[in-house]
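A.B. asks: If you scroll down you'll find the structure; I have some questions about it.
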Amino acid sequence: MRGCLFVVLVGSAVLAGAAWFGAPPLTSTVVASVLEGSGYHAASTTIIASADPPVRLLLGHADRLTIDGHDVTWRTFRAVGVSLTLL
């Protein structure tokens, strides 16, 4: 019984750690692919998603989303640089 409980506790801790540290990069990747799907193209783009606690990002709740792009085209819109912060 103790061995099973230990495995469950360690497994839960590993999953919680992966969710805590993996949610921001995963959310940034998802936002980037959604932007590209809508016609957004840039020479370089930085997307930072943050929430407190970070696990909320897995539920789709971000406290701040920052998008910085250079040489941006989106449909008919063209810009040398775009900096957007959503709160």
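A.B. asks: Say whether the condition of being in contact with a strand residue (DSSP E or B) (Cβ under 7 Å, 6 or more places away or on another chain) and among the acidic types (Asp, Glu) is met by at least one residue in region 46-63. Before you say what the answer is, go through the steps one by one.
C.D. replies: Going residue by residue through region 46-63, those that are in contact with a strand residue (DSSP E or B) (Cβ under 7 Å, 6 or more places away or on another chain) are 46-50, 57, 62-63.
With among the acidic types (Asp, Glu) added as a condition, the list becomes 63.
Within region 46-63, one or more residues are in contact with a strand residue (DSSP E or B) (Cβ under 7 Å, 6 or more places away or on another chain) and among the acidic types (Asp, Glu).
A.B. asks: Here's a follow-up. Among the candidates 85, 46, 73, single out the residue that is open to solvent by less than 100 Å² (accessible area, probe 1.4 Å), within 14 Å of residue 25 (Cβ to Cβ) and of a type in the set (Ser, Thr, Tyr). Let's see the steps before the verdict.
C.D. replies: On the way: 85 fails: within 14 Å of residue 25 (Cβ to Cβ); 73 fails: within 14 Å of residue 25 (Cβ to Cβ).
Matching residue, one of 85, 46, 73: 46.
Listed here are the residues, each with its yes/no results for (1) open to solvent by 60 Å² or more (accessible area, probe 1.4 Å); (2) among the hydroxyl-bearing types (Ser, Thr, Tyr); (3) more than 29 Å from residue 82 (Cα to Cα).
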site: 11; (1), (2), (3): no, no, yes
site: 25; (1), (2), (3): yes, no, no
site: 37; (1), (2), (3): yes, no, no
site: 67; (1), (2), (3): no, no, no
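A.B. asks: Are there any pairs, at least 6 apart or on different chains, whose C-beta atoms fall under 8 Å, with the first in region 22-45 and over 12 Å from residue 73 (Cβ atoms) and small (Gly, Ala, Ser) and the second open to solvent by less than 40 Å² (accessible area, probe 1.4 Å) and part of a helix (DSSP H, G or I), and if so, which?
C.D. replies: Filtered contacts from region 22-45: 23/54; 23/57.
The values are calculated or read from the model by the stated rules, or taken from the named source; none is laboratory data. Values in this document were obtained by computation on a predicted structure and should not be read as measured data. We place every Cβ from the backbone using ideal geometry, glycine too, and count neighbours over all the protein chains shown. Please note that ligands, DNA and RNA were not included when accessible areas were found on the heavy atoms of the full protein model with its side chains. Shrake-Rupley method; radii C 1.70, N 1.55, O 1.52, S 1.80 Å.
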